[in-house]
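See structure below.
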Amino acid sequence: MSLSETAPIAQSVTAPKMSIRRVSLLGALFIATGPIAMALYTPAMAEVVAAYGTTNSLVKMTLTLYFAGFATAQLIAGPVSDALGRKPVIISFMLLFVAASLLALIAPTIETLIAARFMQGVGASAGVAISRALVRDLFEGDESSRIMNLMGIILAVAPAMAPALGGMAVTHAGWRSVFALMMLFGLVVVSFSIWSLRETIVPDRSRLNLRALGRSYLTLAGNRHFMTSSLTIAGSIGAIYALATVLPFILMQKLGLSPTAFGLWMLSQSGSFFLGSLLVRQLMKRYSAYDLVAPGLGVILLGSALIFSLLFGAPSVLRVMLPVAVYTFGIAFVMPAMSTAALAPFPRIAGAASSLMGFLQMGAGLLVGSIAALFDNPVVALAILIPTMGVVASLSYALYRSAPHLAEPEPRKDVISGPPAGRSWVPSDKD
């Protein structure tokens, strides 16, 4: 790792500042776009099969390609925001999201809907990358973790309501109405981006080249600290995106829930994350966010064991959703500290770091969801694949803690000019 990539950015000192509350609200609004577009749509999937006279496999493609666009476009959105600024990039990508939502609303064929969903994923991708980059631009340490936690609390509310809202919209206004709701949300995000978001960096167009982009990603991919912390997040939060590909078919097709009932039951998933985030916020008054990661992973492993038990005995709604709620409760303990830890050493390439972290997170969900589609029985897919993600998250965290400098909550500012007292570590390419 070169010092130029870890040294603080001078422009962040002179860039216009925003309050913690404003960054939290804007960050949550940006990052919620992707989950809301997913959660609003899932109650409509069974209706889409009937409307186009198509197959489950093709309708699953509308979700799979949404994830693909969401995951891969982050690799572009973050670095472009490093070069051109956070504000113009989030506005441009969200306008694409609005246009894609309109295309989905009027899509005459399933193929058009699949293309529109991919474009929606591309548009929503900037929200994840830029929301975290905003926090890294302005804050660090436990303050950053508290903002990540607050963003998580706000983030939990809208996606918690979205499945129920989507289910009611499908029941009373037809499945296309969910895309009208997505358009409305996208326009709200664009409006807030124009009127409330202040630029947090001085754009550096020299970074807008493939060589610089490749160098940034090579630096990150070769950094143990970044990869182990990011894979801890990928195995934790990535499970939410994997669940989105299997739960609609388990709860609606296998267990017979209506779209409205499905949406209401999904409140247990988002609601448990919301309650976990509230508890974490209280605990952080007494403990560092980093002290809460191991207990959170313990809860995730408990949820994994309960999900694995679905291999034995007949499934029921409660047997499916209670373990899912336990798993997502644990995620709330892991996300704030590990998000901060992953980004902390990379202020000059915060957009790229946030993008790669998001790609690994969404990519894990996409990979597991794609593997789940190969199973004849979605319950078996759930019982095997989600616990595997919990184990990956736990093993990644064990590797993160395996060296003393990796266990640091955040590299100290004086680590660049010289090791702190009692420490011998300095940044290197091997780290």
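The values are calculated or read from the model by the stated rules, or taken from the named source; none is laboratory data. Every value quoted in this text rests on a predicted model; they were computed, and no experiment measured them. Cβ atoms come from the backbone with ideal geometry, glycine included; neighbour counts cover every protein chain shown.
What the table below lists for this structure:
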item: Condition check for GLY363: modelled with pLDDT under 80, in a helix (DSSP H, G or I), under 15 Å from ALA221 (Cα atoms) and not basic (Lys, Arg); result: no
item: Some residue of segment 249-261 being under 21 Å from the mean Cα position of the chain (by Cα) and either surrounded by fewer than 22 Cβ atoms within 10 Å (Cβ to Cβ) or assigned to a helix (DSSP H, G or I) (or both); result: no
item: Residue check, ILE233 crowded, with 18+ Cβ neighbours inside 10 Å, in contact with a Gly (Cβ under 8 Å, 6 or more places away or on another chain) and of a type outside the set (Gly, Ala, Ser); result: no
item: Counted residues, segment 281-309 - those being over 12 Å from ALA325 (Cα atoms) and either of a type outside the set (A, V, I, L, M, F, W, C) or touching a strand residue (DSSP E or B) at 6+ places or on another chain (Cβ under 7 Å) (or both); result: 12
item: Residue match in segment 174-193 (condition: of a type in the set (Ser, Thr, Tyr), under 25 Å from the mean Cα position of the chain (by Cα) and not in a helix (DSSP H, G or I)); result: no
item: Residue under evaluation ASP376, criteria (1) part of a helix (DSSP H, G or I); (2) modelled with pLDDT under 85; (3) farther than 23 Å from PRO79 by Cα, criterion not met; result: (1)
item: Any chance SER81 is farther than 21 Å from ILE240 by Cα and crowded, with 19+ Cβ neighbours inside 10 Å; result: yes
